Amino acid sequence: MSTGEELLRTHGLRVTRPRLAVLDVLTGGGHLEVDEIARRVRERLDSVSTQAVYDVLGALSRAGLARRIEPAGSPARFEARAGDNHHHIVCRGCGEITDVDCVVGRRPCLMPAEAHGFELDEAEITFWGLCPACRSRRDAETVPTGDTAHGHPAKYAT
């Protein structure tokens, strides 16, 4: 029995070809949109509908085998890393998403001043900024003529 089959059965899910294919795509890494997941699944299977991929992603998410994230202004993305209370950094330039571990190391990472009677078990944090590639592009675009590649006037270059 393969690892995918074991994971599905251990989490109470029937083993199907679409579930195995989606799980395989997710375990390949990344924070993938549904269209990208469906495209990669279709490379493995002859035919699968986008709705079937949504259904599988829903089942995997409910079972704790996938995590759905929705950064503001972005379509839903899915990843295999689930249940460990990690967070994300999103690039405002290109939309790249990177995982970041919990900064405190206990669940949840942040405690609100008032929990309003909820028993908290997870915090979902999204950090925003520019990735190294977008920062480099920005810096290159803002360098006036006569400046060095580091964005400092030529008289300050070493």
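The values are calculated or read from the model by the stated rules, or taken from the named source; none is laboratory data. The shown structure was predicted, so the numbers you read here are calculated from the model rather than taken from an experiment. Methodologically, a virtual Cβ is constructed for each residue, glycine included, from the backbone with ideal geometry; neighbour enumeration extends over all protein chains shown.
Consider residue 91 carefully, then state whether it is closer than 18 Å to residue 31 by Cβ, surrounded by 16 or more Cβ atoms within 10 Å (Cβ to Cβ), touching a residue at least 40 places away in the same chain (Cβ under 8 Å) and not small (Gly, Ala, Ser). Working first, answer last.
On the way: closer than 18 Å to residue 31 by Cβ: yes; surrounded by 16 or more Cβ atoms within 10 Å (Cβ to Cβ): yes; touching a residue at least 40 places away in the same chain (Cβ under 8 Å): yes; not small (Gly, Ala, Ser): yes.
Judged against the criteria, residue 91 is a match.
To keep it simple, each residue is scored yes or no on (1) among the aliphatic types (A, V, I, L, M); (2) within 24 Å of residue 33 (Cβ to Cβ); (3) modelled with pLDDT of 95 or more.
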| residue | (1), (2), (3) |
| --- | --- |
| 63 | yes, yes, yes |
| 100 | yes, yes, no |
| 106 | no, no, no |
| 115 | yes, no, no |
| 122 | no, yes, no |
| 155 | no, no, no |
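Select from region 124-148 the residues that are within 28 Å of residue 30 (Cβ to Cβ) and aliphatic (A, V, I, L, M) and write down the one among them that is modelled with the lowest pLDDT. Explain how you work it out, then say what you get.
First pass over region 124-148, keeping only residues within 28 Å of residue 30 (Cβ to Cβ): 124-141.
Still in the running and aliphatic (A, V, I, L, M): 125, 130, 133, 140.
Numbers: 125: 86, 130: 95, 133: 94, 140: 92.
Looking at the filtered set, the residue picked out is 125.
Got a number for residues in region 57-75 being over 13 Å from the mean Cα position of the chain (by Cα) and free of Cβ contacts under 8 Å to residues at least 12 places away in the same chain?
Number of matching residues: 3.
Within region 83-96, does at least one residue satisfy the condition of being under 24 Å from residue 6 (Cβ atoms), among the acidic types (Asp, Glu) and in contact with a helix residue (DSSP H, G or I) (Cβ under 8 Å, 6 or more places away or on another chain)?
no
Take residue 78 and decide whether it is in a loop (DSSP other than H, G, I, E, B), among the aromatic types (Phe, Trp, Tyr) and either modelled with pLDDT of 90 or more or more than 25 Å from the chain's Cα centre (by Cα) (or both).
Numbers: in a loop (DSSP other than H, G, I, E, B): no; among the aromatic types (Phe, Trp, Tyr): yes; either modelled with pLDDT of 90 or more or more than 25 Å from the chain's Cα centre (by Cα) (or both): yes.
Criteria not met by residue 78.
What residue, among those in region 36-56 that are closer than 11 Å to residue 78 by Cα and surrounded by fewer than 17 Cβ atoms within 10 Å (Cβ to Cβ), is farthest from the chain's Cα centre (by Cα)?
Taking region 36-56 first, the residues closer than 11 Å to residue 78 by Cα are 36-37, 54.
Restricting the remaining residues to those that are surrounded by fewer than 17 Cβ atoms within 10 Å (Cβ to Cβ) gives 36, 54.
On the way: 36: 13, 54: 16 Å.
Checking each candidate, the answer is 54.
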